[in-house]
Amino acid sequence: MPGGRDGPGGSGSMDGLLATKEIVVACGPGGVGKTTTAAAAAVMAAVRHGSKVLVLTVDPARRLADALGLDGIGNTEHRVPDEAFRAAGIKPRGQLWAAMLDTKESWDALIRRQAPDAQTRDEILANPLYQNIAGRFVQSHDYIAMERLYEIHADGDYDLIVVDTPPTRNALDFLDAPQRMADFFSSRLLRWLIVPYRSRLVNVATRPFYQIADRILGTEFLADISEFFILFQSMYDGFVDRSESVGRLLSDRRTTFVVVSTLEAVPLREAEFFAEQLTSRHLHLGAIVLNKVLPSYLRGSESTALAQSIKDGASALAAELSPALTAVDPSLGDTDQIARVLGEVADSYLNFQVVALREMEERSLLSVIPDVLVTVPFFDTDLYDLRGLMRLGEQIWD
Amino acid sequence: MGWAGPMNPLLDLRLVFVTGKGGVGKTTVASALALFASQRGKKVLICEVDARGDVAGFYEAPPTGFVEKEILPNLFAMTMDTEASLREYLKLHLRIPVVGRIGPLAKAFDFVATAAPGVREILTVGKPVYEVRERHYDLVVVDAPASGHVIGLLAAPQAINNLVKVGLIRSQTDWLLEILSDHRTTGLVAVCTPEEMPVNETVELAARVKDETTVQLSAVVVNRVLPELFGRQEERVFDALVAPEPSAKLDELAGGDAGPLLDAARLAVTMRRTRSTHLDRLRQGIDGSVPLLYLPYLFTRSHGLRTTRQVAASLGEELGY
């Protein structure tokens, strides 16, 4: 039993959301701190709720190892050692585990599990097309990520699984991946492809396709494709069943989606698009996290007037300030220099204010408002160790 | 033309792929590069690989399709569409005219492409390379997939070569490879920001480009570089200014609470400092022969033609024009 219900949460906080769900899928455009946010949420759940939490990154760029300060955690789940927490001055009540997705390894494992016999298994693993699919193919990555999530969840080892995903345009693929895989294996075209070669040219319906395909790809390549699909077909039922189960898991009540964005116009539009897609697919939009938001002191209108007047009167101010500065350090009395510093301070304030005000405007235009809407301030340092993740985590928590 | 300094040879290329981690301004840089080249009198095509992208928006032009359209003087834009590309491919290279609906064939092709990665990529990469081969443009800029996926695109002709032994598609990969591998013709530009993760990914990308493709990394564009507020001595003045007495004096003289201004300046200084450590890592992680181009942070958070023009101007300066 997860120990997570004794916190102050409930509806409307990340605390409550993470205490009541079993799967949290973090999604959003690239460059908004999604991976870090997913890791921070997992750290918080492990530390505060006393749960056994797994953070699983499916991102090809392997950023989670960086974010957690761990090198080389691979496809296998790996416990973040208590010493690491102790070193950061944190006493976790639960356990934090992490894993990254190695697409090739996960595909191999899937084939070993699903293959009807040893011979089919070996032939598939040795097939050149299979090796290409497993190694490179982007969408196979999306599918295998969902498959892996399903597998881990079904094993029931964790109270909470936090999944990081590729950027939104891919994340849509990632939502569609199980269905697409099922469609793929049930398609008529696939059956065409695995028709024995001789009967192809006899069949009136498929003849034009084969004529063109032969000319484009060459007969040998088509034979490779056929062999691959014939082998794969032996796993047809397994794949279709599995894809459907994975799809069901995503729309299950125990699963929620957290959309991460910044308040920059382009990422925010993408995030909104994704949030709308979730809603229209009847998936649970648990929260929107707005990251890297500039501090509120940049938005004061009194400060604007002050910055303007300091900028205009920098020389006069510098002369009057000079005694106070030389009192601190006698070498700092150069009034031109003081004036330049004052001018830069004022200019810099006005510059950042433009950005800060636009952020608030973007926020007010947000078209989708979920139960949990969290704003995370801009941190002036990178957050990639446990302490940093806690700092971020505390911001999203209540 | 009487230039004193050496100019970066980037614009001498005829095919430039622009990639980068999501959110670093990849499309902004691709759009700005194409705009700058067109302003220099080159006939330019910008080709957007992601059909859901919005390159046209960066020029405030209506959305583009597979057919190239002149959206600014000398600047043409198109959006990749695999089905349309297949149709064109069949007609131009295989002399198979496809009349009427291509839907079923494209769908069939989709399945083949699903089984044989590289086939779809060939169509995506084939179109811009074809435009280069036919010399329809002086420069083709490709707004390529993000750094995680661009390798698959650039390595596709080689992958197909290894996978497909005979057939027309095989014979097509030879000229694709030839153009992609020619470092005087084709180059890759990686965009990043001076932040932890983008720098890591760029360093990783540079190594993979070298190991897994024949394409040359021609430049790394470092986007959103913050201005340096203070020199060394000025920084000492600033540090003294935030001490209790001088800052109280400033409040009194200026007639208001200058605290937020000083806080903001300190934030700007810290941000710049953190970023410069990442820049150092970038310089160490990238082969010294790859030029780094720096673009300033724009304090607008706006986007559209005005921003694209600003970035194009900065890029031009960095290129030595």
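Each value in this text was obtained by applying a stated rule to the coordinates, not by laboratory testing. Computed from a predicted model, the values in this text were never measured in an experiment. Because the Cβ atoms are built from the backbone with ideal geometry, glycine has one as well, and the counts that use them run over all protein chains shown.
Annotation: amide H-H contacts under 5 Å for A:V163 (H modelled 1.01 Å from N, sequence separation of 5 or more, or interchain): A:V24, A:V25, A:A26, A:L56.
Could you please state, rounded to a whole Å, how far the C-alpha centre of the stretch B:120-142 is from the C-alpha centre of the stretch B:266-315? About 29 Å separates the Cα centre of the stretch B:120-142 from the one of the stretch B:266-315.
Each of B:W175, A:W97 was scored by other Cβ atoms within 10 Å of its Cβ. Arranged with the fewest first, they read B:W175, A:W97.
Relative to the dominant Cα principal axis of chain B, helix B:232-241 is inclined by about 60°. For B:Q216, the residues 5 or more places off, or on other chains, whose built amide H falls under 5 Å of its own are B:L188. Entry note, chain B: relative contact order of 25 percent, from Cα contacts under 8 Å with a spacing of 6+ residues. Could you compute the longest span of chain B free of trypsin sites (Lys or Arg not before Pro) located in DSSP loops and having at most 11 other Cβ atoms within 10 Å, not counting the site residues? Longest stretch, sites excluded: B:185-321.
For peptide A:356-366, how many partner chain Cβ atoms fall within 10 Å of a residue's Cβ, on average?
Values: counts 2, 1, 4, 1, 0, 1, 1, 0, 0, 0, 0.
Averaged over the peptide's residues, the number is 1.
Exceeding 31 Å between C-alpha atoms, which entries from my cross-link table qualify? They are A:K292/B:K42; A:K104/B:K210; A:K52/A:K292; B:K42/B:K127.
On the way: A:K292/B:K42 39 Å; A:K104/B:K210 22 Å; A:K52/A:K292 28 Å; B:K42/B:K127 19 Å.
In this structure, A:K292/B:K42 lie more than 31 Å apart at Cα.
For the stretch A:286-375, the list of chymotrypsin sites (Phe, Trp or Tyr not before Pro) that fall in a loop by DSSP and count at most 16 other C-beta atoms within 10 angstrom is empty. The calculated FRET efficiency for A:L373 paired with A:D241, based on their beta-carbon distance and R0 = 35 Å, is about 0.40.
When each of B:D257, A:D398 is scored by the number of other beta-carbon atoms lying within 10 Å, the sequence from fewest to most is A:D398, B:D257.
What per residue convex hull volume, in Å³, do the alpha-carbon atoms of chain B yield? Each step should come with its number before you reach the end.
Working: hull volume 53.8 nm³, N = 321.
Output value, Cα hull per residue: 167 Å³.
Let me know the mean shielding of B:139-152 by other chains, meaning the per-residue number of their Cβ atoms within 10 Å of its Cβ. Average neighbour count from other chains, rounded to a whole number: 3.
Sequence-ordered 3J(HN,Hα) estimates for the stretch A:386-398 from the Karplus curve with 6.51, -1.76 and 1.60 and θ = phi - 60° stand at 4, 5, x, 5, 5, 4, 5, x, 5, 5, 8, 6, 9 Hz, glycine and proline given as x. Inter-chain neighbour count for B:225-238: the average number of beta-carbon atoms from partner chains within 10 Å of each residue's beta-carbon is 5. Using 0.36 nm per residue and subtracting the Cα-Cα separation, the extra length available between B:A51 and B:R306 on full extension is 89.5 nm. Take the Cα of A:D329, go 7 Å toward its beta carbon, and the backbone nitrogen atoms of the stretch B:257-281 under 20 Å from that spot belong to B:262-274.
Is the shape of the stretch B:17-71 rounded, prolate or oblate, going by the alpha carbon gyration tensor and its root eigenvalues a ≥ b ≥ c, with a/c under 1.5 for rounded and a/b larger than b/c for prolate? Don't jump to the answer; show the numbers that get you there.
Values: a/c = 1.78, a/b = 1.15, b/c = 1.54.
It comes out oblate by the Cα gyration axes.
Couplings 3J(HN,Hα) for the stretch A:346-363, derived from phi with the Karplus relation 6.51 cos²θ - 1.76 cosθ + 1.60 (θ = phi - 60°), are 5, 4, 4, 4, 5, 4, 5, 5, 4, 5, 4, 5, 5, 4, 5, 5, 4, 5 Hz, where x marks Gly and Pro. Between the beta carbons of B:R135 and A:R93, assuming R0 = 60 Å, the FRET efficiency works out to 0.35 to the nearest 0.05. Remark: A:R358, A:R86 ranked as A:R86, A:R358, counting other beta-carbon atoms within 10 Å and listing the fewest first.
Within the same chain, aspartates and glutamates fewer than 8 places from B:K21 are excluded, and of the rest, those with a Cα less than 15 Å from its Cα are A:D59, B:D50, B:D143, B:E195, B:E196, B:E201, B:E204.
Could you point to the residue in A:V345, A:A319, A:G333 farthest towards the positive end of the stretch A:298-359's charge dipole, with +1 and -1 charges on the Cβ of Lys/Arg and Asp/Glu respectively? The residue sitting farthest along the positive end of the dipole is A:V345.
Which aspartates and glutamates, if any, have their Cα less than 20 Å from the Cα of A:K91, not counting same-chain residues under 8 positions apart? List returned: A:D6, A:D15, A:D82, A:E83, A:D159, A:D385, A:E394, A:D398. The angle between the Cα long axis of helix B:244-254 and the longest principal axis of the Cα atoms of chain B comes to about 80 degrees, rounded to the nearest 10.
Compute the helix-to-body angle for B:103-115: its Cα long axis versus the longest principal axis of chain B, expressed 0 to 90° and rounded to tens. Tilt of helix B:103-115: around 70 degrees.
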